[in-house]
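Read through the structure below, which is laid out as structure tokens, and then see the notes.
The values are calculated or read from the model by the stated rules, or taken from the named source; none is laboratory data. None of the values given here were measured: they were computed from a predicted structure. Cβ: placed from backbone, ideal geometry, glycine included. Neighbour counts: every protein chain shown. All accessible areas refer to the heavy atoms of the entire protein, side chains included, with ligands and DNA or RNA removed. Shrake-Rupley method; radii C 1.70, N 1.55, O 1.52, S 1.80 Å.
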Amino acid sequence: MNHPKIICHMMSTIDGRIIVSGWGDDATRQAYTEIYNNCHNTFDSDAWLCGRVTMAEFDNAEEPGSVPVKDKIERVLFKGDASADSFAVAIDAHGKLGWSTNEIGGDHIIQVLTEKVSDGYLAYLQQRRVSYLFAGKDTVDLAAALSQLQTNFGINNIMLEGGGSINGAFLHAGLIDEISLLIVPVADGRLYRATTFDVHQSFVTYVPQLLKLKSCEQLEHEVVWLKYGKR
């Protein structure tokens with residue numbers, strides 16, 4: 001199955017933690033965020049993708065509504081903005097995200113859903129003009145979702161910038177083509193904190209993936225930028 005190129009772009013401490021709180025004062029954390037965004041902008045991408053938990057942190061996220069419907073809504077692709085050419089993709093299997101607008105920073109929102117979501121939720125997304133597609137009955141088939149994003153929205157390059165769980169799911173599925181990792185000069189050490197890749201324990205057959213170093217660069221504020229490809 002064809003799919004867009006996936007670049008996982010993340011920022012972590014030297015021990016792999018990705019929760020920014022506690023990484024120095026506000027000015028320090030802001031400097032790290034600016035470096036992260038500047039590096040993101042060096043890639044020629046059509047979309048960026050996160051999981052539900054990360055997406056819920058954006059300012060325009062809200063509790064989802066449910067619009068009354070008389071007839072069952074067919075589980076087919078819905079385009080909320082046919083003219084959009086840059087996208088924010090949310091993996092939201094059970095339809096828990098809500099939006100006050102249909103874009104984030106000018107990027108049109110696409111929800112990746114399963115067929116279990118309610119008709120009322122689909123009507124709510126249509127009312128908000130948020131695009132959506134279906135990639136599975138009960139759980140999200142990531143490869144199928146990527147294929148639909150490429151075919152229906154012309155997305156050929158995606159920045160994967162999720163939390164540890166969604167990144168781990170993509171890693172386990174063998175769908176990541178390149179890793180862009182910013183290492184900040186912080187040793188976190190706190191237990192039970194999300195890391196760059198958290199592969200769920202249900203993936204009992206998972207084998208760690210070997211990588212090839214493509215480049216290494218020291219940036220401002222003692223941040224190191226590593227790029228890896230598949231070996």
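Some notes on this structure:
- Residue ID - surrounded by the most Cβ atoms within 10 Å (Cβ to Cβ), chosen from residues in the stretch 79-104 that are more than 11 Å from Phe153 (Cα to Cα) and over 19 Å from the mean Cα position of the chain (by Cα): Gly80
- Verdict on Ile176 being in contact with a Lys or Arg (Cβ under 9 Å, 6 or more places away or on another chain), in a loop (DSSP other than H, G, I, E, B), open to solvent by less than 20 Å² (accessible area, probe 1.4 Å) and within 21 Å of Cys39 (Cα to Cα): yes
- Index of the failed condition, Leu191 passing every other in (1) part of a loop (DSSP other than H, G, I, E, B); (2) in contact (Cβ under 8 Å) with a residue 60 or more places away in the chain; (3) on the phi < 0 side of the Ramachandran plot: (2)
To keep it simple, each residue is scored yes or no on (1) farther than 21 Å from Ser86 by Cα; (2) open to solvent by 30 Å² or more (accessible area, probe 1.4 Å).
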{"position": "Ala145", "(1), (2)": "no, no"}
{"position": "Asn152", "(1), (2)": "no, yes"}
{"position": "Ile158", "(1), (2)": "no, no"}
{"position": "Glu161", "(1), (2)": "no, no"}
{"position": "Gly164", "(1), (2)": "yes, no"}
{"position": "Leu171", "(1), (2)": "yes, no"}
{"position": "Leu182", "(1), (2)": "yes, no"}
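Conditions (1) in contact with a strand residue (DSSP E or B) (Cβ under 7 Å, 6 or more places away or on another chain); (2) modelled with pLDDT of 95 or more; (3) of a type in the set (A, V, I, L, M), marked per residue:
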site: Arg29; (1), (2), (3): no, yes, no
site: Thr42; (1), (2), (3): no, yes, no
site: Gly80; (1), (2), (3): yes, yes, no
site: Ala84; (1), (2), (3): yes, yes, yes
site: Thr101; (1), (2), (3): no, yes, no
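- Flag if Gly105 is without any contact (Cβ under 8 Å) to a residue 60 or more places away in the chain and within 15 Å of Arg128 (Cα to Cα): no
- Count - residues of the stretch 184-231 that are over 17 Å from Cys8 (Cα atoms), among the β-branched types (Val, Ile, Thr) and either open to solvent by less than 50 Å² (accessible area, probe 1.4 Å) or touching a helix residue (DSSP H, G or I) at 6+ places or on another chain (Cβ under 8 Å) (or both): 2
- Among the residues of this structure, Arg75 counts as one that is touching a strand residue (DSSP E or B) at 6+ places or on another chain (Cβ under 6 Å), of a type outside the set (Phe, Trp, Tyr), open to solvent by 40 Å² or more (accessible area, probe 1.4 Å) and without any contact (Cβ under 8 Å) to a residue 60 or more places away in the chain.
- Test set (1) in contact (Cβ under 8 Å) with a residue 12 or more places away in the chain; (2) in a loop (DSSP other than H, G, I, E, B); (3) exposed (fewer than 15 other Cβ atoms within 10 Å of the Cβ) - Thr33 fails condition number: (2)
- Residue within the stretch 173-180 that is in contact (Cβ under 8 Å) with a residue 60 or more places away in the chain and among the β-branched types (Val, Ile, Thr) present: yes
- Checked against the criterion of being open to solvent by 50 Å² or more (accessible area, probe 1.4 Å), of a type in the set (Ser, Thr, Tyr) and closer than 24 Å to Asn167 by Cβ, the stretch 48-69 has no qualifying residue.
- Ser66 meets the conditions (1) more than 24 Å from Ile176 (Cα to Cα); (2) modelled with pLDDT of 95 or more in every case but one. The failed one is (2).
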